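Take a look at the structure below.
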Amino acid sequence: MTEKSIIELDDMNWELLVEKEGKPMVVMFYSPTCPHCLAMMPHFERYADEFKGKISFARIDITRNPFSVSRYGVMATPTFKFFCSGLPVQEVVGEIYPTLLKKITEDALELEAHVHRDPRQSISI
């Protein structure tokens, strides 16, 4: 993994990098002392490399960024929030199966594709 695969967020850059960027993003709310976060981090890093260029991966330390944590109602770590067009669309909390994290990331990409689809195209359901 290259260090730039995961964006480091904080209360100061959150709005610019998540809300105003508008690109799809997975954000991991974590604590450096959380054993479940430490267990999930290698999978998060691997998927950041695997999905690079399609969806951004970012993390934010809850112990240093109380504003963002409070604003998004994060109550436990790790919390994975999925953003499309700057808005949260999905959330998963806890040490989950890595394949579930991958599947929800793929689903977020599909949702983003539908959001930005040409409105003249029909969507079959």
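The values are calculated or read from the model by the stated rules, or taken from the named source; none is laboratory data. Computed from a prediction, not measured in an experiment: that's the story for all the values here. Neighbour counts run over all protein chains shown; Cβ positions are idealised from the backbone, glycine included.
Residues in the range 65-85 that are hydroxyl-bearing (Ser, Thr, Tyr), farther than 19 Å from residue 24 by Cα and in a helix (DSSP H, G or I): how many?
So the count comes out to 1.
Among the residues of the range 15-31, is any of a type in the set (S, T, N, Q) and out of contact with any helix residue (DSSP H, G or I) (no Cβ under 7 Å at 6 or more places or on another chain)?
The answer is no; no qualifying residue exists.
Which ones in the range 86-108 are of a type in the set (Ser, Thr, Tyr) and either surrounded by 15 or more Cβ atoms within 10 Å (Cβ to Cβ) or in a helix (DSSP H, G or I) (or both)?
Once the filter is applied, which keeps residues that are of a type in the set (Ser, Thr, Tyr) and either surrounded by 15 or more Cβ atoms within 10 Å (Cβ to Cβ) or in a helix (DSSP H, G or I) (or both), the range 86-108 yields 99, 105.
Does the range 13-34 contain at least one residue that is of a type in the set (S, T, N, Q) and either within 20 Å of residue 111 (Cβ to Cβ) or part of a helix (DSSP H, G or I) (or both)?
no
Go through (1) within 14 Å of the chain's Cα centre (by Cα); (2) within 18 Å of residue 17 (Cβ to Cβ); (3) at pLDDT 95 or above one by one and return the number of the condition residue 84 breaks.
The one condition residue 84 does not meet is (3).
Among the residues of the range 40-59 satisfying the criterion of being in contact (Cβ under 8 Å) with a residue 24 or more places away in the chain and part of a loop (DSSP other than H, G, I, E, B), which is nearest to the chain's Cα centre (by Cα)?
Restricting to residues being in contact (Cβ under 8 Å) with a residue 24 or more places away in the chain and part of a loop (DSSP other than H, G, I, E, B), the top hit is 55.
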